[in-house]
1. Looking for whichever is without any contact (Cβ under 8 Å) to a residue 12 or more places away in the chain and not polar (S, T, N, Q) here; the options are Leu163, Leu130, Leu84, Leu194. Which one fits?
2. Given the conditions (1) surrounded by fewer than 20 Cβ atoms within 10 Å (Cβ to Cβ); (2) in contact (Cβ under 8 Å) with a residue 40 or more places away in the chain, which single one is not true for Thr119?
3. Wholly within region 1-114, which strands (runs of 3 or more DSSP E) include no fewer than the required count, namely at least 2 residues that are modelled with pLDDT of 95 or more and farther than 21 Å from Ala178 by Cα?
4. Inspect region 190-210 for any residue being assigned to a helix (DSSP H, G or I) and farther than 30 Å from Arg4 by Cβ and give the result as yes or no.
5. Can you tell me which residues in region 198-221 are under 35 Å from the mean Cα position of the chain (by Cα), open to solvent by 80 Å² or more (accessible area, probe 1.4 Å) and either farther than 30 Å from Asp179 by Cβ or of a type in the set (Gly, Ala, Ser) (or both)?
6. Note down all Cβ pairs under 7 Å where the first residue falls in region 250-269 and is in contact (Cβ under 8 Å) with a residue 24 or more places away in the chain, the second is among the hydroxyl-bearing types (Ser, Thr, Tyr) and outside any loop (DSSP other than H, G, I, E, B), and they're at least six residues apart or on different chains.
7. Whether any residue in region 234-241 is without any contact (Cβ under 8 Å) to a residue 40 or more places away in the chain, surrounded by 10 or more Cβ atoms within 10 Å (Cβ to Cβ) and over 29 Å from Ala296 (Cα atoms) is what I want to check.
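The values are calculated or read from the model by the stated rules, or taken from the named source; none is laboratory data. Not measured: the values here are computed from a predicted model. Here the Cβ positions follow ideal geometry from the backbone for every residue, glycine too, while neighbour counts run over all protein chains shown. Note: areas computed on protein heavy atoms with side chains; ligands, DNA, RNA excluded. Shrake-Rupley method; radii C 1.70, N 1.55, O 1.52, S 1.80 Å.
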Amino acid sequence: MTVRLSDAMRQVLPSVRADLERLVRIPSVSADPDATQHVWASAGTTAGLLREAGLPEVDVVTAGDSRPAVLGRRPGPPGAPVVLLYAHHDVQPPGEAADWDSDPFEPAERDGRLYGRGTADDKAGVAVHLAALRAYGDQLPVGVTVLVEGEEEVGSPALPGFLRAFRDALRADVVVFADAGNWAADVPALTTSLRGGTAVVVEVRTLQHGVHSGMYGGPVPDALTALCRMLASLHDERGDVAVPGLVHGEADPLDLTEAHFRAEAGVLDGVRLTGTGGLTARLWAGPAIAVTGIDAPSVAAAASRS
């Protein structure tokens, strides 16, 4: 008897939910050297789940000094195209425990949503691929290759070498990335293009050694002020990116309101949004520069200086 795909999806969702929770319990923080064993454990668990989902060829692989990735394959019918399914099993650090309402590595359901580090980004992507494979079962109409990366959250530094090492295994007609957002919780979205990204670390030094600000302040520049002025120059007075040569485009405004966006992003009252133009254009068709961290002398360490 032929089972409709939608019915098959509903049947497999409980098992997929359980597997997602199992993955979330593994603290696979790729940015933390002390979590290396957990990143490997996450890769191994992901590989086992893909095998159970019907992929006959699954390996945990590395290229150079890359963190472990999972590469799986299942041939399709003769002449069928090959679809490459991508996700990543590493996660961001959880941050301060006080900022969580529950253990970040113990999935918890509240108001119909599952909370925990990786429940969305991007162990949910692994779960989506598992759901599709299980729903189709032995009736896959295409060949499938699955790549589940292990270092996306640190910028995929070894990805170019990885692609060179496994280019033949990764050859495909279509690539599906399960690492994007939905328009709304009940409205699916299909992302067809993304802005490129790069990470830059800037180090500023102005002195060979620390000096007393009371004795030298005025003519002697301090590095932190110089860095702040440099960072401030990246945007104009309206908050638009001020770096020459970056391309701005347009995007359909759809029905995204500022009130909804502010609530979803958690923007504090009194804080103005940055930039000009439509929200969707700023989100999807314009450049963005974010300062994600600064290392500088702490207030406590600087307290002895005047």
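1. Leu163
2. Failed condition: (1).
3. 108-110
4. So the first thing to find is which residues in region 190-210 are assigned to a helix (DSSP H, G or I), and the list is none.
So far as region 190-210 goes, no, none of its residues is assigned to a helix (DSSP H, G or I) and farther than 30 Å from Arg4 by Cβ.
5. Matches in region 198-221: Ala199, Glu203, Arg205.
6. Close Cβ pairs (under 7 Å, with a partner that is among the hydroxyl-bearing types (Ser, Thr, Tyr) and outside any loop (DSSP other than H, G, I, E, B)) amount to Ala251/Thr280; Asp252/Thr280; Pro253/Thr280; Leu254/Thr280; Leu256/Thr280.
7. Scanning region 234-241 turns up no residue that is without any contact (Cβ under 8 Å) to a residue 40 or more places away in the chain, surrounded by 10 or more Cβ atoms within 10 Å (Cβ to Cβ) and over 29 Å from Ala296 (Cα atoms).
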